[in-house]
Amino acid sequence: MEKELRLMKGNEAVAEAAIRAGADGYFGYPITPQSEILEYLMEASPWKTTGMVVLQAESEIAAINMVYGGAACGKKVLTTSSSPGISLKQEGITYIAGAELPCLIVNVVRGGPGLGTIQPAQSDYFQAVKGGGHGDYHLIVLAPASVQEMADFVGLGFDLAFKYRNPAMILSDGAIGQMMEKVWLSPQQERSKSVPAWATTGKPSTRKRNIITSLDLDPNAQEVFNQKLIAKYNEIKEKEVRYEELRCDDAEYLFVAYGTSARVCMKSVQLARAQGIKVGLLRPITLYPYPSKRLNQLADRVKVMISVEMSAGQMIEDVLLSVNGKVPVHHFGRMGGIVTNPEEVVENLKSKIIGG
Amino acid sequence: MAEATGIKDILKPENLVYNKTKIMTDNVLSYCPGCGHGTAHRILAEIIGEEGLQSQTIGVSPVGCSVLLYNYLDIDWQEAAHGRAPAVATAIKRLLPDKFVFTYQGDGDLAAIGTAETIHSCNRGENILIIFINNGIYGMTGGQMAPTTISGMKTSTSPYGRDVKLMGNPLKITDIVATLPGTYYVTRQSVHTPANVRKTKKAMRKAVQYQKLNKGTCFIEIVSNCPSGWKMTPVLSNKWMEENMFPFYPLGDIKVPEEKSAQ
Amino acid sequence: MTEEIIIAGFGGQGVLSMGKIMAYSGVMQDMEVSWMPSYGPEMRGGTANVIVIISSERISSPIIKHFDTGIILNQQSLDKFESSVKPGGVLIYDSNGITRHPERKDITIYRVDAAEEAGKMNSPKTFNMIVLGGFLKVKPIIKMENVIKGLKKSLPERYHNLIPMNEKALQKGLEIVKKV
């Protein structure tokens with residue numbers, strides 16, 4: 001089967017890709033700027049075709065707990081929301097991580113804190129990559145920079161989630177959610193009929209009962225479990241780092257940016273290069289695991305790194321940890337739902353870093 | 001004399017009048033002496049065994065005294081976050097519609113922190129069974145006031161008795177869910193006497209049948225005691241329950257299927 | 001070839017859908033496209049704008065500050081975006097309701113009185129297609145056949161009976177657009 005070309009919003013691409021990836025269930029609650037996902041699914045009515053369940057829950061809290069229930073049955077389930085809604089889901093997410101359940105969570109980020117704005121932001125970076133809820137855990141975090149990646153990362157997110165029995169998150173933002181681009185959609189996949197050995201589907205006489213829980217009252221056993229999680233995260237760090245480089249070979253200055261900011265920086269690289277400034281871009285595609293090793297190598301070659309992000313400076317902390325003092329690292333970004341533009345990024349580079 | 005009628009002489013097949021159900025595991029229950037949870041578990045286990053549902057059942061356990069329920073019944077289990085069991089069960093049942101899905105929740109779990117999940121699952125008519133243990137107190141955390149604590153009742157956070165003007169009124173959540181179109185069968189029972197045990201078991205068996213017929217949400221409240229939380233002996237706690245809880249939470253069916261639709 | 005366009009006007013003028021048809025037309029011509037709308041409450045009756053980029057290469061930033069072409073459909077948008085057109089670029093506007101006309105000397109300014117024309121044609125909803133016709137006359141970056149294909153793609157099938165009327169409107173735009 002061939003891929004199909006469509007012009008779609010990032011949000012619509014997530015919805016369509018979920019159907020095509022053979023997802024078993026979607027549970028969500030409306031919030032701007034990602035309500036198109038639930039709207040698209042309701043209109044597409046996949047329960048009539050693939051058998052995928054779609055349910056508008058009474059809250060984000062209920063939605064993430066529905067994801068817990070579905071994932072614990074070994075099903076491919078997802079939920080989507082935007083920043084305030086993702087905060088509400090944090091309880092469920094830590095339980096899912098603690099019970100080692102695979103699922104996909106999409107955050108179409110808007111500016112905060114609090115109710116904030118409905119415009120695009122990248123101010124949920126800490127929450128996404130450092131855990132988010134209580135306890136020691138990590139999500140696998142993918143950062144799409146195009147509508148195509150919004151679609152592609154649905155399948156990738158599910159694959160990684162099931163491979164590692166770990167929740168995966170697509171950390172997007174309002175700009176990528178709302179914009180339309182060309183997207184090549186994969187053909188429809190069958191919903192999986194295989195049942196993971198750990199799934200709760202009713203205990204046959206041939207196996208012991210399956211219990212999905214994150215509870216362990218014995219601290220010694222809990223610590224053993226924590227160590228198991230760390231081993232899993234280390235394996236993920238070893239095998240699943242993804243990033244893209246643009247003009248890094250001869251770069252003296254390096255932008256580090258993901259998602260929408262990375263798209264802005266691609267243009268900034270063109271503009272700066274046209275003025276004879278040797279700039280490159282490293283775009284992390286996985287934010288957890290972070291491309292730390294590569295950044296550390298690049299720190300041997302570049303003079304300065306600039307973490308460009310739509311936040312007060314969150315990812316910069318991972319850049320700093322990666323380069324471990326080898327080069328100075330600056331932050332540049334706008335907040336409150338304002339997306340920086342390519343000229344502004346170049347201007348900052350020239351006035352504050354090269355000239356400063 | 002003791003040796004003459006030792007325990008081995010008594011444990012003979014011909015003397016056996018009561019057996020452990022197969023569905024109960026050998027794990028020792030973590031409940032206080034005289035607590036109703038063990039009896040409620042046993043009834044549930046009997047029903048699952050007798051109806052041949054072991055391979056078809058997914059249970060959702062709560063946060064509360066019965067948080068370790070998954071250790072006691074030999075079926076597949078999911079442990080939900082506090083109050084979220086009906087949302088968890090909603091997804092299980094929708095993704096595995098042929099399975100028997102139930103939640104087992106206490107009053108703090110179901111009627112306080114999980115009120116939204118309870119109301120909305122019932123209102124959607126999710127085809128699940130909700131078993132609701134109401135002992136008017138937060139047992140696991142040490143006897144604090146619950147949404148169901150009756151007026152004047154002493155708890156560790158209402159040490160002079162629940163003052164409804166200050167602390168709000170006890171919530172009859174079962175009566176509320178009975179008004180929702182999604183619930184099919186709503187009943188309030190107890191497990192403190194053999195007669196009541198039989199009634200509760202009958203109610204559970206009905207709920208199993210209704211779920212097989214996709215009738216909607218079945219909701220069984222079990223008014224129960226908490227000797228430790230109430231600071232009473234088991235016997236006294238049952239007496240106190242009859243005298244104080246039952247007048248406010250009267251036993252019996254609250255919503256029953258109409259004859260025609262029950263066929 | 002890269003064409004960076006902003007379309008701005010009132011919500012309800014068909015700003016976003018014109019951009020969508022433009023983007024779909026680009027897709028039909030095997031181009032890379034991006035369509036980045038302003039979104040949120042300001043769309044409901046207030047101003048709406050969308051950045052459309054059509055390019056033969058991979059599009060870098062979908063969010064930009066300066067444009068090759070500005071398509072401006074009300075006074076507020078003119079005040080806001082006149083200065084955003086690159087020197088040497090193009091500004092196309094509808095003079096309906098405009099009290100202060102564009103003033104820049106370093107860009108080429110075109111007028112397409114689409115509101116008036118749509119009124120004459122007795123089909124106010126084709127307003128945005130008349131404007132698009134004007135744009136295609138000034139910047140013939142997409143073949144008309146691909147625009148029609150794009151139109152078909154972006155309209156739900158139940159509205160396909162309206163395509164001939166929209167084609168007529170496009171033609172009208174080609175005819176009436178004039179350099180100021």
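Numbers at a glance
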read-out	value
Test: A:GLY337 is within 20 Å of the chain's Cα centre (by Cα) and not assigned by TED's automatic domain parsing to the domain that holds A:VAL109	yes
Sole residue being touching a residue at least 40 places away in the same chain (Cβ under 8 Å) and small (Gly, Ala, Ser), chosen from B:GLY161, B:GLY168, B:GLY143, B:GLY152	B:GLY143
Residue selected from the range B:82-98 under the condition out of contact with any strand residue (DSSP E or B) (no Cβ under 8 Å at 6 or more places or on another chain) and surrounded by fewer than 24 Cβ atoms within 10 Å (Cβ to Cβ), by the criterion nearest to B:TYR138 (Cα to Cα)	B:HIS82
Matching option when the condition is over 30 Å from A:VAL269 (Cβ atoms) and within 11 Å of chain A (Cβ to nearest Cβ), among C:ILE53, C:ILE92, C:ILE21	C:ILE21
Conditions (1) closer than 30 Å to B:LYS99 by Cβ; (2) surrounded by fewer than 16 Cβ atoms within 10 Å (Cβ to Cβ); (3) within 14 Å of another protein chain (Cβ to nearest Cβ); number of the one not met by A:LYS228	(3)
Every residue from the range A:42-80 that is at the interface with another protein chain (Cβ under 10 Å from one of its Cβ atoms), assigned to a helix (DSSP H, G or I) and either within 14 Å of B:ALA116 (Cα to Cα) or among the hydrophobic types (A, V, I, L, M, F, W, C) (or both)	A:TRP47, A:ILE61, A:ALA62, A:ALA63, A:ILE64, A:ASN65, A:MET66, A:VAL67, A:ALA71, A:ALA72
Answer residue from the range B:35-67, given it is among the small types (Gly, Ala, Ser) and either in a helix (DSSP H, G or I) or modelled with pLDDT under 95 (or both) and is farthest from B:ALA89 (Cα to Cα) among those	B:GLY38
Which listed residue, of A:PHE158, A:PHE153, is buried (at least 20 other Cβ atoms within 10 Å of the Cβ) and in contact with a Lys or Arg (Cβ under 6 Å, 6 or more places away or on another chain)	A:PHE158
Selected residue [assigned to a strand (DSSP E or B), touching a helix residue (DSSP H, G or I) at 6+ places or on another chain (Cβ under 6 Å) and small (Gly, Ala, Ser)] from A:SER322, A:SER307	A:SER307
Filter pass, C:SER34 being touching a residue at least 24 places away in the same chain (Cβ under 8 Å), at the interface with another protein chain (Cβ under 9 Å from one of its Cβ atoms) and out of contact with any Phe, Trp or Tyr (no Cβ under 6 Å at 6 or more places or on another chain)	yes
Residue match in the range A:187-209 (condition: at pLDDT 95 or above, at positive phi and outside the structural domain of A:VAL308 (by TED's automatic domain parsing))	yes
Which numbered condition A:VAL108 misses (of (1) touching a Pro at 6+ places or on another chain (Cβ under 7 Å); (2) within 25 Å of B:PRO86 (Cβ to Cβ); (3) outside any loop (DSSP other than H, G, I, E, B))	(2)
Qualifying position, being at the interface with chain A (Cβ under 7 Å from one of its Cβ atoms), among the small types (Gly, Ala, Ser) and touching a helix residue (DSSP H, G or I) at 6+ places or on another chain (Cβ under 6 Å), among B:ALA116, B:ALA91, B:ALA111	B:ALA91
Flag for A:MET266 being touching a Ser or Thr at 6+ places or on another chain (Cβ under 8 Å) and either away from chain C (no Cβ under 14 Å) or farther than 18 Å from A:ARG247 by Cα (or both)	no
Test: residue in the range C:71-80 that is more than 11 Å from chain A (Cβ to nearest Cβ) and at positive phi	no
Tally of residues being more than 10 Å from chain B (Cβ to nearest Cβ), surrounded by fewer than 24 Cβ atoms within 10 Å (Cβ to Cβ) and out of contact with any Gly (no Cβ under 8 Å at 6 or more places or on another chain) across the range A:86-117	7
Out of A:ARG165, A:ARG209, sole residue that is among the basic types (Lys, Arg) and within 22 Å of the chain's Cα centre (by Cα)	A:ARG165
All strands (runs of 3 or more DSSP E) inside the range B:168-263 with 3 or more residues being within 17 Å of the chain's Cα centre (by Cα) and closer than 19 Å to B:ILE43 by Cα	B:183-190, B:217-223
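The values are calculated or read from the model by the stated rules, or taken from the named source; none is laboratory data. All values derive from a computational prediction rather than experimental measurement. Every residue, glycine among them, receives a Cβ derived from its backbone with ideal geometry; neighbour counts consider all protein chains shown.
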